[in-house]
Structures are given as C-alpha cells and as structure tokens.
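In what follows, a single structure is set out as structure tokens and then discussed.
The values are calculated or read from the model by the stated rules, or taken from the named source; none is laboratory data. All values derive from a computational prediction rather than experimental measurement. Don't worry about glycine lacking a Cβ; one is built from the backbone with ideal geometry, like all the others, and counts go over all protein chains shown. Accessible surface areas use protein heavy atoms only, side chains included; no ligands, DNA or RNA. Shrake-Rupley method; radii C 1.70, N 1.55, O 1.52, S 1.80 Å.
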2 protein chains.
Amino acid sequence: MKKLSPRQQSIFDFIAQFIQNHQYPPSVRDIQNGCNISSTSVVDYNLRILQREGYLRREAEVSRGIELLQETSLSQNRNYINVPVLGNIAAGEPLGIPPSETWHSNSIDNVELPPFLIQDKKEVFALRVKGESMIDALVADGDLVLMEPIDNPNNGDMVAAMLKDKEEVTLKHFYIQDGTVTLQPANSRMEAIKVPAENISVQGRVVGVIRSI
Amino acid sequence: MKKLSPRQQSIFDFIAQFIQNHQYPPSVRDIQNGCNISSTSVVDYNLRILQREGYLRREAEVSRGIELLQETSLSQNRNYINVPVLGNIAAGEPLGIPPSETWHSNSIDNVELPPFLIQDKKEVFALRVKGESMIDALVADGDLVLMEPIDNPNNGDMVAAMLKDKEEVTLKHFYIQDGTVTLQPANSRMEAIKVPAENISVQGRVVGVIRSI
DNA sequence: TTTTGTTCCGAACATACGTACTCATTTCCT
DNA sequence: AGGAAATGAGTACGTATGTTCGGAACAAAA
C-alpha cells in the first residue's frame, strides 16, 4: 500500500476522528472544513485515491457513504490498562494495600485508563479520595489518585505518606535530608511538615490524579 | 424509558442492523424501505419518538445523522473517546475556543480518554493549564482540564469564567442570584469573588481534571 | 355521537451533499 | 528547460435526503 501524501493522511485521520466523535462518517464538506481544503473536488479527488489505495470504501451517490477499512487507528489502539481501585484514601485511615497478586482476583473496582497516564510504570493502582483532607495536595473529595508502589521515593516525588504517630495519611511532596523528611504541600502557600524519617512510612508515589465532575 | 411500539422496535433494530452491515447509519428512506413503511414522514415521526425516549440521538439537517445510544454504550464500551486539546488555559489569556467544526483539523493535539470521564457529554474538549493561577480550583500547572461548552451554567457548576474587565480566566464554582455572580474557589479557605453577571462570560463547564505526574 | 390524541399517509419543499467539468498550480521526468 | 502528470481551486449541477404540512385512519375517552 502506497505512502499517503500529508493531505491524504490528514483526511484519513480526520475521518477516523469524526467517526469517533459522531457515530457517522463525515460528508465531503465536513472533511473540507475540517482539513482546511479549498474545494470539495479536492476532497473527492483524494478520497478516490484513498479508495484506490485500499484505505477506505465509498458507496457512490450516498451521503457520508464512507467506510474505513484498516482500523489501525481505531481498534488496534486498544491496549488500555486496567487499573484496580483498591479502596479509599482519607486522613486518619491507613491504606492497607493488599499484595499485588490479589489485586485482580478480589476485584473491587476497575478503571480502564489510557496509556499516557500510566507510561511505563508498573503495578499502578488507584485510590478514591474521601474528604477534603488532601486539599493541600490539590486533590479534592472524590478524586481518583493513581499510585505506584515504591519504597524509596526520590526527592520531589509526591507520595502518600503516613505519619506513624498520628496514623494519618497525606499526599505531599517528599524531600529527605540528613534523616529528616520534609513533606511539602503542592500548594506552596501551605506550610511544610518536618519529621524524622523513622516516623513516616511512604505508601506509594502519586503518578496521577483524575477528577470527574 | 418507555416501551417501544412494534414499528419503533423494528426501526431501531433495522438501524442497528444497517450500521452493522455498512459502517454508516441509514437515511430516512433507507429505513422506510427496510421496514416497509409507506412514508418518510412516518419514519421521521417515529425517529423523533425514539430520540425523545433516549434510544438514539439525531443531528438536525444532517444526512444519516443518527447515533444509537443503547447498544452503543455496550459495544462501544471498549471504544475510547478522542478529546481534542484545544490549547492552553492561564490567567490573563482569553480562551479563544474555535468552533467545534474545526476541532479535529489536523493541527492540534488529542488525548484518548475512557468513557467514564466523558459520560454522555457532548463536545468535550481539553485545555492544558499553564501556571499556578488555578491553584484555588485545586488545579495544578500542567493539568489537563476537561471542559464542556455551556451557555447557562447551573449553580454549583465549576466553570471557566472570564472577568471581562480584567481579561482574566479562572476556574471557580458558579453561583448566580439576583444578577450577581459569586465565584467560589474549590478550596473553601480561599475567598469568593462577587461580580455583576454582565461582567463575566462563562466559557465552559469543567467536567474533569487529569493530572499526570 | 363528538372529542381528543396518536399514528400514519402522500406529497411537496428546502437543502445537504456527491459528482462533474474547466482551469490554475505544482511536481515530476527526461 | 519544457512538457506531461499530478494535484488543487472554483463553480455548477443533479439528486439524495431531512423536514414540513394537511389530512386520513384508528382507538380511547367523554
């Protein structure tokens, strides 16, 4: 199959986009506007080429009678990642994260997420935030926090840290120096907490936040 | 959702069948022939009912602008929604959202998102937050804000509002009473702003926030 | 019965949309 | 360079297709 010109690629991509957004294919004039093409005849011309090259099929005389053939851009991209929602996170409650082997068996809840949120991180899980206690971390009630299990966080990482004495979990930026850990809220107007390293345990590293209103 | 008449059921089934066979929805006359209906107006009449009852959505004046809702949510469940990232949002910069017809022109960026973030909202787009100015809304630098175009926000909605005199865009909870708009930060420790309704223009409603660290 | 509401019919209308045709502009090849 | 081929632009035409409208057929009330 021949290489497509930029314009043809643009048209093909636009059609795939359009079908995803609406449930029906675009008209010639939709494509014209969407791809900033000056004339419908140019669209028709390139559509014929796309058809000849096997990228799509067209039903003659039928409005929007376009059928994409190779669904490379659509169905192939289904490598979405299933992330378990292991429970809630709130101040005053220890996390109690079960071992990763049991994650998908006693499946509480799952969310499927696009890869760009996970990247190459392994064993990402999610927690539902309860209450306003994470507000310093710019995390609201009901948010979904994506976390990656980690034992040795790097300086600057946002972590879920539990203060051992208070049994309190917070989301803060983590800095360690000379055995003293500084927990810095994401909202810099708030004050940081300094505690000895042995007084906190890091439960994981925050890799994302999802808020759905 | 009400029970469908035999004719309506027949029409609905035919549409699903048709989309299965071709990749595009049927025209009114396709349905007329496929269901042995004597007039296009009867098809239109029943399509309106199907739309009112929530079985499908129609785009006015658009050929084959039919979108099935029921089966769609099941079979399309694996299908992720492509949301265009239309630009940046920052205090001091008006949004300048282009018309939806031009969204998917080759230019911009896109993110694929799972359906639960979009729900049934239409024309959702995303903006990349630049700077710390949205911190009151629990939105950090680099966050992706999902927005839905809206003209009349409801009280309590989080909206992107532009203060006309200051040319400043903020994300705040919107409350209107007696022509006075109160913009309430999500972080309740911050102070609210009260302005006359005519001094602000609402650019859209925030439906989600995505933070990827 | 009359009334009222729903469904259906047939035709006509307005336009959304595919296609064709002519002429420019660019790209390619020798 | 020069001519051919490919690509693009602009316009016009025909029809595919959504929409409207007056009225008939039918059933359920009143």
(request) Filter segment A:5-37 for residues that are in a helix (DSSP H, G or I), closer than 16 Å to A:Gly65 by Cα and out of contact with any strand residue (DSSP E or B) (no Cβ under 8 Å at 6 or more places or on another chain) and give the result. (result) A:Ile11, A:Phe14, A:Phe18, A:Val28, A:Arg29, A:Asp30, A:Ile31, A:Gln32
(message) What's the total number of residues in segment A:48-59 that are free of Cβ contacts under 8 Å to residues at least 40 places away in the same chain, outside any loop (DSSP other than H, G, I, E, B) and more than 7 Å from DNA strand C (Cβ to nearest atom)?
(response) 4
(request) Within segment A:44-71, track down each residue that is acidic (Asp, Glu) and within 13 Å of another protein chain (Cβ to nearest Cβ). (result) A:Glu59, A:Glu61, A:Glu67, A:Glu71
(request) Of the conditions (1) more than 9 Å from chain B (Cβ to nearest Cβ); (2) open to solvent by less than 40 Å² (accessible area, probe 1.4 Å); (3) more than 9 Å from DNA strand D (Cβ to nearest atom), A:Phe18 clears all except one; give me its number. (result) (1)
(request) Taking only segment A:145-193 into account, find how many residues are surrounded by fewer than 20 Cβ atoms within 10 Å (Cβ to Cβ), among the hydrophobic types (A, V, I, L, M, F, W, C) and outside any strand (DSSP E or B). (result) 3
(request) Scan segment B:60-76 and give yes if some residue there is modelled with pLDDT of 80 or more, part of a strand (DSSP E or B) and either charged (D, E, K, R) or touching an Asp or Glu at 6+ places or on another chain (Cβ under 9 Å) (or both), otherwise no. (result) yes
(message) When you scan segment A:187-201, do you find a residue that is in contact (Cβ under 8 Å) with a residue 12 or more places away in the chain and within 21 Å of the chain's Cα centre (by Cα), even just one?
(response) no
(message) Here's a check for you: in segment B:21-41, which residue that is more than 11 Å from chain A (Cβ to nearest Cβ) and in contact (Cβ under 8 Å) with a residue 24 or more places away in the chain is farthest from DNA strand C (Cβ to nearest atom)?
(response) B:Cys35
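B:Leu4 - would you say it is touching a Leu at 6+ places or on another chain (Cβ under 6 Å) and either more than 13 Å from chain A (Cβ to nearest Cβ) or modelled with pLDDT under 90 (or both)?
For B:Leu4, the condition - touching a Leu at 6+ places or on another chain (Cβ under 6 Å) and either more than 13 Å from chain A (Cβ to nearest Cβ) or modelled with pLDDT under 90 (or both) - is not met.
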(request) Scan segment B:83-105 and give yes if some residue there is farther than 23 Å from B:Val139 by Cα and at pLDDT 80 or above, otherwise no. (result) no
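Evaluate segment A:162-176: report whether one residue or more is more than 30 Å from B:Leu146 (Cα to Cα) and either within 14 Å of chain B (Cβ to nearest Cβ) or at pLDDT 85 or above (or both).
Here is the first cut: in segment A:162-176, the residues more than 30 Å from B:Leu146 (Cα to Cα) are A:162-168, A:175-176.
Still in the running and either within 14 Å of chain B (Cβ to nearest Cβ) or at pLDDT 85 or above (or both): A:175-176.
Among the residues of segment A:162-176, at least one is more than 30 Å from B:Leu146 (Cα to Cα) and either within 14 Å of chain B (Cβ to nearest Cβ) or at pLDDT 85 or above (or both), which makes the answer yes.
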